[in-house]
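Trainee: Below you'll find the structure I mean.
FYI, it's all coordinate maths here, none of it is from the lab. Treat the numbers as computed from the prediction; the structure is a model and nothing was measured.
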Amino acid sequence: MAGRCGRPKGNWMNVTAKLERLFQVEKQARGLRGRLDSAERFLAEQTKELAALDAKKAALESQVKSLLAASGDAEGESKRLEARMTTIRGQMDQAQTTKQYQAFLVEMNTLKTDQGKAETAALEAMTKVEDVRKQLAEIEALRATRDQVRKVAVTERDARQAEIQTRLTELQAQRQTLAADVPADALSLLNTLLKNHGDDAMAPVQVEDRKRHEYTCGACQMSISIEAVSGLLSKGSLTRCGSCQCILYLDEAAQKALEPPEKRRERAGR
């Protein structure tokens, strides 16, 4: 009994028909994997965003440490200068000559200036610390939100994987069985086209006008010669589109459109 698409009777099946069966299984599997790939990409995006936020957080935390160290150094310098000024004050009180006093005074003024700079540096560093800590708080909030999104992405990925795994396993087994019945060169060609063109690796012939012998490729919509269609009709020979190079086949719609009028009338009568 002929198959659903009017394939020949018995166990014999031409190469194009075998490829089409394999291609349809592959399309189903690719569709399922596409759904999982979409979830995987979304998860990867969230993971990447989290990593970027973590990198910013680490950089800001490092900046805080550096600023705190700089503030500590400045405060330490201010204390050292204060201790030196205390010593100078004592020496000024014991100065024996005006010249000694003036020398101590010049040093005291220099120390006061340096101490003012140290105190300003310490204050500026602490002001920057507060600004950076505000940025850190914002990063933490963003990270918490992004982490929640990532957890949802993990859940969705796992759910999709569980959802399709059984069917995908069935399709993979079916594909292996069908592939074993396809000639090696034809299988290699299909695999190459699937890799390069995806779901456009094979395409049905579209019958635009049977009387005028106008046919087009279902993938690129370019014209197909009547010789190519005749080859598919007569023996199902492996035929490729001259434009996009996909493998052509006759689907149910095309086979019905190409039926001789008497066969159509016979089928309508039944």
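Trainee: Distance from the Cα centre of the stretch 21-70 to that of the stretch 129-159, in angstrom?
Mentor: The stretch 21-70 and the stretch 129-159 have Cα centres separated by 13 Å.
Trainee: Where is the GNM fluctuation largest for the chain (alpha-carbon springs, 10 angstrom cutoff): Gly242, Gly116, Gly31?
Mentor: Top of the fluctuation ranking is Gly116.
Trainee: Let me ask something else about it. Taking Rh as the Kirkwood radius computed over C-alpha pairs, what is the Stokes-Einstein D of the chain at 25 °C in a medium of viscosity 0.890 mPa s, expressed in µm² per second?
Mentor: Approximately 93 µm²/s, per Stokes-Einstein.
Trainee: For Tyr215, which sequence-distant residues (separation of 5 or more, or a different chain) have an amide H within less than 5 Å of its own amide H, given hydrogens modelled in the peptide plane?
Mentor: Excluding prolines and chain starts, which carry no amide H, the hits are Glu208, Ile224.
Trainee: Top mean-square fluctuation among Asp199, Asp73, Asp93, Gaussian network model of the chain, C-alpha springs under 10 Å?
Mentor: Highest fluctuation of the listed residues: Asp93.
Trainee: Moving on. Taking every DSSP beta bridge with both residues inside the chain, roughly what % is antiparallel (nearest 5)?
Mentor: Percent antiparallel among DSSP bridges in the chain is about 75.
Trainee: Once the piece of chain linking Asn191 and Glu252 is laid out straight, how much longer is it, given 0.36 nm per residue of separation minus the C-alpha distance between them?
Mentor: Numbers: separation 61, 0.36 × 61 = 21.96 nm, distance 2.39 nm.
Contour length minus the Cα-Cα distance gives 19.6 nm.
Trainee: Students often get this wrong, so check it: of Lys235/Lys256; Lys128/Lys151; Lys56/Lys117; Lys79/Lys128; Lys65/Lys151, which have C-alpha atoms separated by over 26 Å?
Mentor: Cα-Cα > 26 Å for Lys128/Lys151; Lys56/Lys117; Lys65/Lys151; rest within.
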